[in-house]
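The values are calculated or read from the model by the stated rules, or taken from the named source; none is laboratory data. If you're wondering where the values come from, they're calculated on a predicted model, not measured in any experiment. Reconstructed Cβ throughout: ideal geometry from the backbone, glycine too, with neighbour counts over all protein chains shown. Accessible surface is based on the protein model in full, side chains and every heavy atom, while ligands, DNA and RNA are left aside. Shrake-Rupley method; radii C 1.70, N 1.55, O 1.52, S 1.80 Å.
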Amino acid sequence: TARSRCAVALRSDYALAHLNLGNVRREQGRLAEASNCYERAIALNPNFVAARFNHANILSEQGRWDAAIEAYKQVLTLEPNHVEAHSRLGAALMMQNDTDAAIAHFERAVALAPDSAGAHEILAAAYLAADKFGLAVGAASDALQRQDAASSKQLFAHALKFVQFTADPGQHTRELVQ
């Protein structure tokens, strides 16, 4: 907006103005310009979590997974309990086929936001990708308990289908199936 551009022009050393202009540029689909704004905000205030998080999101949107992973890790260094950063770092790690590391971050997101059906769903999907079918059923069940959504039902049914073909589905799964 004109107001954000004006704020940056008047106070080029104002990190919040660069963050806001970056947000406007991102909404306009001008990702490279948004990234530059976030980088400037971070240069002005290296501890600016919102600018670091938004920059990491831009890197993810651009498919720059290694850079995004590093950027999310920097967010978590500053704010270890940032639920969305854990979730998005997990997603970026999944894109790099680092499923075990991704699961650790998804599990942390669930621990931080236990009432989030979405956090349980993404954890269930990661467990499925790792062939941890019993855990996938449990996470999908937890998602269903929080929100009766079609996506949770699909994950639960998909995980149960795989459990039928495993030798030892695990105690939690046996209890759910009974």
Region 26-67, accessible area per residue, ligands and nucleic acids excluded (1.4 Å, Å²): 51 Å²
Calculate one ³J(HN,Hα) per residue across region 92-99 by plugging θ = phi - 60° into the Karplus curve 6.51 cos²θ - 1.76 cosθ + 1.60, and present them in order as whole Hz with x for glycine and proline. 5, 5, 4, 5, 9, 6, 9, 4
I'd like to compare 41-47, 100-106, 134-140, 17-23: which one has the highest average count of other Cβ atoms within 10 Å, and what's the full order after that? 134-140, 17-23, 100-106, 41-47
